[in-house]
Amino acid sequence: MLKKIITYYKNLDKITYKILYRGLEFCFLLGLVSAFILFSYMLFFEAPIIYYIGINLFKLSLVFSVEFIICSFVVDSIKKQII
């Protein structure tokens, strides 16, 4: 199963791969911002709102990354008329 996913990932269309790559970069940067917010909460601030902003931003980055991966596979399969 994992081997099939890896071969499917390697055979992505170039435009779809570029969008997937840029989307995952965006999610990684969003995750870094959330980690910085949580780190600053731990060191400087004791306000719970800062903690909730950091946690929700981290959850958002994870959801976006999964969404980019799934949508890129779906768009590529629609382009190739597999579905």
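Evaluated against (1) part of a helix (DSSP H, G or I); (2) buried (at least 16 other Cβ atoms within 10 Å of the Cβ); (3) under 19 Å from the mean Cα position of the chain (by Cα), LEU12 falls short on exactly one condition, (1).
Among the candidates ILE37, ILE78, which residue alone is surrounded by fewer than 14 Cβ atoms within 10 Å (Cβ to Cβ), part of a helix (DSSP H, G or I) and not charged (D, E, K, R)?
Every option except ILE78 fails the conditions.
Considering only residues of region 12-53 that are in contact (Cβ under 8 Å) with a residue 12 or more places away in the chain and not hydrophobic (A, V, I, L, M, F, W, C), which is farthest from ILE69 (Cα to Cα)? The qualifying residue farthest from ILE69 (Cα to Cα) is TYR41. Each residue in region 68-81 was checked for being touching a helix residue (DSSP H, G or I) at 6+ places or on another chain (Cβ under 9 Å) and free of Cβ contacts under 8 Å to residues at least 12 places away in the same chain, and 2 pass. Summed over region 40-64, residues that are surrounded by 15 or more Cβ atoms within 10 Å (Cβ to Cβ), small (Gly, Ala, Ser) and at pLDDT below 95 total 1.
The values are calculated or read from the model by the stated rules, or taken from the named source; none is laboratory data. These numbers come from a predicted model, not from an experiment. Note: ideal-geometry Cβ built from the backbone for every residue, glycine included; neighbour counts use all protein chains shown.
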